[in-house]
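Novice: This is the structure I want to talk about, given as structure tokens.
Since every read-out is calculated from the coordinates, none of them should be taken as a lab result. Quantities reported herein were computed from a predicted structural model and do not represent experimental measurements. With ideal geometry, Cβ positions are generated from the backbone for all residues, glycine too; neighbour counts draw on all protein chains shown.
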Amino acid sequence: MSELSERVAIVTGGASGIGAASARLLQDAGATVVVADIQEAKDGVGRFVTHDVTSEASWKALLADVLEREGRLDIVVNNAGVSGGTGNVETTTVEEWQRVQAINSEGVFLGCKYAIEGMKKTGPRKPECKGSIVNISSIAGLISGAGPLAYTASKGAVRLLTKSVALHCAEKKYAIRCNSVHPGGVDTAIFNPLWQAVGHEQGKAFIGARHPIGRMAEPPEVGEVVLWLASDRSSFVTGAEIVADGGITSGLMRRLPLAAP
Ligand SMILES: NC(=O)c1ccc[n+]([C@@H]2O[C@H](COP(=O)([O-])OP(=O)(O)OC[C@H]3O[C@@H](n4cnc5c(N)ncnc54)[C@H](O)[C@@H]3O)[C@@H](O)[C@H]2O)c1
């Protein structure tokens, strides 16, 4: 029997990038996967449901549909997100701020709320089968820059709302863990505006060079972290922020211009 063969997982934003890679890895590990996205999935992983993470009605409909069709809920990956442009505090409009918070932050809040409702209704399949919520934040939820302001604020919110959800579940003695993932640059469609501006290879090299490891990540490299957090292999991990960033948040890379030992 595969590791996750008795689990049902929802992956939001699962039609592309990190979500699509996570959905495939969860499915390969045996989980029954529901891909929930505003755009149709192209690679046929799992069952696709049209879903908007900003809409509470859409969350209610998704949960009811999954409980009816798949019969239970064990894993929710709150991955859907947008980059929200490059605006700083002076140039970001209220409308842009609210749009980014609605998807990246409020969407994760709703995802946690309905994940818990679904997991509580169906309960652990076996005592050792635990519910797991995985929220995709970013290195932008750990360190900042002058911009993009709205994105950074939204990802910072995900980091701490994750810890609050984790503590709530622990306090209530629910068998549900909640953790956040903080990727560095990953080669996905979220960078389409950059690829269009400077070309894919050049853009990838530019972002890759800012990572100590010297390159961007491929989506499955983050999907593996999601899979680990979703599985019981991470059974003592809750409220944690797991960084997969090629070393970018570890500190400054530049040495003083002295001879290296
Ligand atoms: N790519 C990176 O470098 C990187 C780094 C750190 C964090 N992240 C985060 O990873 C997550 C996935 O991003 P990605 O890089 O795979 O980008 P992506 O653009 O390839 O995928 C994002 C998916 O989210 C979906 N989506 C957008 N709005 C939605 C909504 N309202 N409801 C449902 N689905 C919606 C999109 O249709 C798309 O399929 C995002 O939260 C992003 O902020 C990405």
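Novice: Could you grab me the full set of residues in the stretch 41-83 that are assigned to a loop (DSSP other than H, G, I, E, B) and near the ligand (Cβ under 9 Å from one of its atoms)?
Specialist: Matches in the stretch 41-83: 41, 51, 52, 53, 54, 55, 79, 80, 81, 82, 83.
Novice: Can you pull out every residue in the stretch 194-211 that is more than 18 Å from residue 139 (Cα to Cα) and within 11 Å of the ligand (Cβ to nearest atom)?
Specialist: Listed by number, the list holds a single entry, 194.
Novice: Among the residues of the stretch 29-40, count how many are more than 7 Å from the ligand (Cβ to nearest atom) and either among the small types (Gly, Ala, Ser) or crowded, with 24+ Cβ neighbours inside 10 Å (or both).
Specialist: Matching residues across the stretch 29-40 total 6.
Novice: Quick one: in the stretch 11-28, which of the residues that are away from the ligand (no atom under 11 Å from the Cβ) and within 22 Å of residue 67 (Cβ to Cβ) is surrounded by the fewest Cβ atoms within 10 Å (Cβ to Cβ)?
Specialist: Step by step, filter the stretch 11-28, then rank; the result is 27.
Novice: Collect the residues in the stretch 93-107 that are more than 8 Å from the ligand (Cβ to nearest atom) and under 15 Å from residue 136 (Cβ atoms), keeping them in residue-number order.
Specialist: 100, 105, 106
Novice: Being closer than 18 Å to residue 16 by Cβ, surrounded by 13 or more Cβ atoms within 10 Å (Cβ to Cβ) and free of Cβ contacts under 8 Å to residues at least 24 places away in the same chain is the filter here, so list the residues in the stretch 193-239 that pass it.
Specialist: Residues satisfying the conditions are 194, 195, 200, 203, 204, 207.
Novice: Moving to a separate point now. Could we say that residue 138 is of a type in the set (Ser, Thr, Tyr), closer than 20 Å to residue 12 by Cα and free of Cβ contacts under 8 Å to residues at least 60 places away in the same chain here?
Specialist: Here the answer is yes, as residue 138 does meet what is asked.
Novice: Could you please tell me which pairs satisfy a Cβ distance under 6 Å, a separation of 6+ or placement on different chains, a first residue in the stretch 5-20 that is in a helix (DSSP H, G or I), and a second residue that is among the acidic types (Asp, Glu) and more than 6 Å from the ligand (Cβ to nearest atom)?
Specialist: That search, which allows pairs on different chains as well, returns nothing.
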